[in-house]
Each structure stands twice: as structure tokens, then as C-alpha cells.
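Enquirer: Sharing a structure with you now.
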Amino acid sequence: MNPPPLLPRQAPAPDEGPAPASPAEDRRHVVRRRWITAIIILLLVGVPAGYLAVSAQQSRESGRDKAAKVGAVKVRTAWPSAVQRSIYEVPIPMMASLVGYLETNNWHTSRLYTQFSLTPKELDTFLADIGTSREHLTPGVSISEHDAQVAGWSWSPKHTWYGITLDAKDPRPTRDVTVDLTKPGNPRVYVVSTAVP
């Protein structure tokens, strides 16, 4: 049996021309498309770059703050954190003024040096909170000369000093407390709390 004969290809209709070209994009669409492209590129590149710049600046500032705390060699004006006050058992009254502190650490001991001013009533509350009272204070300075030098404190002989050392078993800290009662209405307290890890 013979295969069916192949039919000749049909020629295109004489009235059909080549496929029409797409219409040229007008200027307004070109400008709009370029603006959209530029905005997308800006968002893809600019936003992450801006985030990195802000993050780097915050990291530098945080590093400077940490370096200032670690590099401190004298008592500086600031409040110790609540955790530090708890660990070293130095309950500074919330209304205290002129608060300053310094923390030092080594393999053997950790110390928190604090200073602050109070009202007479707040002084009595502070002393009660640490387990003592004015009656137990003795004339003189209870803080060692070495600790005073580390903190940057000096004890003027013209001032009226009272002090006490509160010993405690490890891991609780030992606290040396000195009070300047030169101005009875505005006592100033100095504390060195020593903890052995």
C-alpha cells in the first residue's frame, strides 16, 4: 500500500505582511522605568549599607563605654548597677546624691568602691540595712590607705570621720564603711566592699 501523498505547504495570504514590530516605548515610560530601577537598586544597596553604618557606630560607642568602665582608675560619677549593689551588699538609698563608684577585679578579690551623700535619716536607714547603726561607728577612717589611693580618696584631718568594718564569711563581702560627719546635716559615705570569688 502506498503512503498518502504529501500536501504542499500553504503559502501565506497575499494581504498578510510580516509580523508587526512592537510599538516604540514613549519617553514617559522610559523615564518611569528608569526611576523604578534606580529606586530598587537604592533599596537593595542603600538600606543594608545604612544599617551597617549605624550598627558600626553603635558598636564603636558601646566599645568606648566599656573601655571607659574597664579603664577607670578612680571612682567616677555614676550609679553602680543593681546587680553590683546586690553582690557587694551596698544598698545605696534611692535619694542619695553625688553617687560614684569603681569596681576592680583580679584572680583573688573583687572590690566595689562607692561614695554618696545622704540626709541624716537616710544615713540611719543605710546603716540599719547593712546591719549596724551610728552607735557602732568609731572615730577615724576604716578604709585602708591602699584602698583610698585606688579610689582616689583622701581623708582631711579637718573633717570628722567615723568608721566601721563589717566582716562576713565567704562568699559574702566584707565592707569597710567610713562616714564624713563634718556637716551633720549632709553626711557623706564611703564604702569599700571586698568579695572573694
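The values are calculated or read from the model by the stated rules, or taken from the named source; none is laboratory data. Values in this document were obtained by computation on a predicted structure and should not be read as measured data. As a convention, Cβ positions derive from the backbone with ideal geometry for all residues, glycine included, and neighbour counts pool all protein chains shown. With ligands, DNA and RNA removed, areas are computed over all heavy atoms of the protein, side chains included. Shrake-Rupley method; radii C 1.70, N 1.55, O 1.52, S 1.80 Å.
Enquirer: If I ask for residues that are touching a strand residue (DSSP E or B) at 6+ places or on another chain (Cβ under 9 Å) and without any contact (Cβ under 8 Å) to a residue 12 or more places away in the chain, which ones from segment 86-126 would you list?
Expert: Listed by number, the list holds a single entry, N105.
Enquirer: Write out, first by first residue and then by second, each pair whose Cβ atoms fall under 6 Å of each other, whose residues are 6+ apart or on separate chains, and whose first residue, in segment 178-197, is in contact (Cβ under 8 Å) with a residue 40 or more places away in the chain while the second is in a loop (DSSP other than H, G, I, E, B) and charged (D, E, K, R).
Expert: V196/D170
Enquirer: Against the definition (within 30 Å of V141 (Cα to Cα) and at pLDDT 70 or above), how does L43 come out, yes or no?
Expert: No, not satisfied.
Enquirer: Where in segment 85-197 are there strands (runs of 3 or more DSSP E), lying fully within it, with 3 or more residues that are open to solvent by less than 40 Å² (accessible area, probe 1.4 Å) and of a type in the set (A, V, I, L, M)?
Expert: Where strands (runs of 3 or more DSSP E) fall fully within segment 85-197 and carry at least 3 residues being open to solvent by less than 40 Å² (accessible area, probe 1.4 Å) and of a type in the set (A, V, I, L, M), they are 188-195.
Enquirer: Only residues that are closer than 28 Å to L112 by Cβ, of a type in the set (G, A, S) and modelled with pLDDT of 70 or more: list them for segment 46-78, please.
Expert: Across segment 46-78, the qualifying residue is only A78.
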